[in-house]
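A.B. asks: I have a structure here, written as structure tokens, and I will follow up with some questions on it.
What follows is calculated from the coordinates using simple rules that are stated; it is not laboratory data. Please read all numbers here as calculations on a predicted model, not as lab measurements. Cβ: placed from backbone, ideal geometry, glycine included. Neighbour counts: every protein chain shown.
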Amino acid sequence: MAMKKKNPVRITDVTFRDGQQSLIATRMQTKDMEGIAAEVDKLGFYSAEVWGGATFDVAIRFLNEDPWERVRILKRLMPNTPLQMLLRGQNVVGYRNYPDDVVTAFVQHAAQTGIDIFRVFDSLNDERNLETSFRAVKASGKHVQAQLLYSLTEPKLGGPLYRTDYFVKKARIMQEMGADSLAIVDASGLPCPYDAYQLIKEMKKVVTIPIGMHSHCDSAMASMSYLKAIEAGLDIIDTAFAPFALRSSLPPTEIMVFALQGTPRDTGLDLPRLVKTGQYFEPVIAKYKEFMDQTRVSLVDTEALLHQLPGGLITNLLAQLRQLNVLDRLDEILAEIPQVRKDLGYPVMATPSSQIIVTQAVQNVIAGRYKVMSRQIRDYAYGLYGKSPAPMNPEVQKRMLKNYEGGETPIDCRPADILKPELEKAEQETRGIARDMGDVLTYALYPDIGMRFLKQKYGLEMPPQK
């Protein structure tokens, strides 16, 4: 019997970004990456996700590190591995929609600094919010990986919104927009194995670009879902080295490589070398154990199938609840999250919509339902984040827009179309402090903490004592 033609599964390593974001609230310092980056570079990964998401915010807010310098260092140490970042579309690496001039400048500077693959997404799967990012990445000569966010309203794929045809239609649109590859991204461990198989099988009928999958282990289904998706023709999987895998992170690289050995989908990666490299991270993660979720012993969070919290958000939520001294109300907050999500039209639980939902759930539990509302959730109701996947609860939306400064009738255009340019203003306000476009963009994205960081960076203000 003839052996099937080999078609190796390619692997994106996410240890330096989503692995650490999911388990230790993104607190890993660049120096801990420097110690192993050159060895990781030798392993033959398809790419290494090293930036984006919360890494930018945490670097300037808590670590007193220049996030741009991290990319430069890793690019020098990892010249053979494409560096990948997570870009929140019109949200860039922030928590609101930024105007087109800021988005374009950010992409251009990130490309010049060392990012090769831009995984671009919108938390509402609103493709209008991807247009500017796609154009900027293409103009920079880099790779656009469109991220399609996986979500559910039912226990499994189906129901009134998140059906197979919903995702296939979105994938086709993103391919037509010019995506070089596609990533199906699940932040909460939602896809069951057979749904993953069916989804990839149907996508492969219409999508000709490579398809990857990114799934977290909250529900413990991710590895099984990967294998079934691979059977259906999946091209790329996201994994993390074992110490930074499992729980609310992703499947371990070492185990997935072992499982595929000797099959037509064998990754071809050197397992003993992977194991040896991964051992470096055991003492590293131990340094940051204070940030790990210690509210449960179980490796499996079966409630993730209900609240759909992203892995990277759980550790941050716990830290915030400790600061507010309301950790004892965690169960109430987790129960409130699905209700808020339903009221908002079932947005995907991804940044920034996940933060908006969780923040409101906390406020609902503490102060009463919708008695206190953030500026962000009112902006959402107005349409500044894009179109909600399903209609909002009209009574809740009306309450949110009462006396809203933009008016009480939500917009229906691409949100960035009503935003005024901000880059020139940021350049003026950082004149005499900023020394390159990276500094200007740091301020443009995070005016308050960004300015404080820049003053500390250049010795105009002393950083807080640790």
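A.B. asks: Indicate the gyration tensor shape class of the stretch 142-250 (rounded, prolate or oblate), computed on the Cα atoms with a ≥ b ≥ c the square roots of the eigenvalues: a/c under 1.5 is rounded; otherwise a/b larger than b/c is prolate and the rest oblate.
C.D. replies: Oblate is the answer for the stretch 142-250, as a/c is 1.5 or above yet b/c matches or exceeds a/b.
A.B. asks: Another question about this same structure. Within the stretch 388-459, report the chymotrypsin sites (Phe, Trp or Tyr not before Pro) that DSSP leaves as loop and that have at most 14 other Cβ atoms within 10 Å.
C.D. replies: Passing sites in the stretch 388-459 are Tyr458.
A.B. asks: Let me ask something else. Can I get the semi-axes of the stretch 46-160's equivalent ellipsoid? Compute them from the C-alpha gyration tensor as square roots of 5 times the eigenvalues, in angstrom, largest first. Don't jump to the answer; show the numbers that get you there.
C.D. replies: Values: eigenvalues 125, 52, 48 Å².
Output for the stretch 46-160: semi-axes of 25, 16, 15 Å.
A.B. asks: Taking amide hydrogens as modeled 1.01 Å from N in the peptide plane, which residues meet the under 5 Å criterion relative to Val120, leaving out close sequence neighbours?
C.D. replies: The list, which skips near neighbours in sequence, is Leu87, Gln145, Ala146, Gln147.
A.B. asks: While we're here: Could you estimate the translational diffusion coefficient of the chain from the Stokes-Einstein equation, with Rh from the Kirkwood formula over C-alpha pairs, at 25 °C and 0.890 mPa s, in whole µm²/s? Each step should come with its number before you reach the end.
C.D. replies: Values: Rh = 22.5 Å.
The calculation lands on 109 µm²/s.
A.B. asks: Counting each DSSP H run of 4 or more residues in the chain as -39500 (n - 2.57), what helix-only mean residue ellipticity at 222 nm follows after dividing by all residues, to the nearest 500 deg cm²/dmol?
C.D. replies: Helix contribution divided over all residues of the chain: -12500 deg cm²/dmol.
A.B. asks: Quick check on the stretch 279-436: what are the equivalent-ellipsoid semi-axes from the Cα gyration tensor, as sqrt(5λ), descending, whole Å?
C.D. replies: For the stretch 279-436, the ellipsoid semi-axes come out as 31, 25, 15 Å.
A.B. asks: If packing is taken as the mean number of other Cβ atoms within 10 Å per residue, what is the order of 59-69, 289-299, 88-98, 357-367, highest first?
C.D. replies: Taking the mean over residues of other Cβ atoms within 10 Å, the ranking is 88-98, 357-367, 59-69, 289-299.
A.B. asks: Further question: Percentage of Cα-Cα pair distances in the stretch 39-111 greater than 21 Å, rounded to whole percent?
C.D. replies: Tail of P(r) above 21 Å: 31 percent of Cα pairs.
A.B. asks: Convert each backbone phi in the stretch 89-103 into a coupling constant with the Karplus relation 6.51 cos²θ - 1.76 cosθ + 1.60 (shift: θ = phi - 60°), then list the ³J(HN,Hα) values in order as whole Hz, x for Gly and Pro.
C.D. replies: x, 5, 7, 6, 10, x, 10, 9, 7, 9, x, 4, 5, 6, 4
A.B. asks: Holding the Cα-Cα limit at 30 Å, pick out from Lys287/Lys342; Lys156/Lys205; Lys75/Lys287; Lys138/Lys457; Lys169/Lys402; Lys42/Lys142 the pairs that are longer than that.
C.D. replies: Beyond 30 Å: Lys287/Lys342; Lys138/Lys457; Lys169/Lys402.
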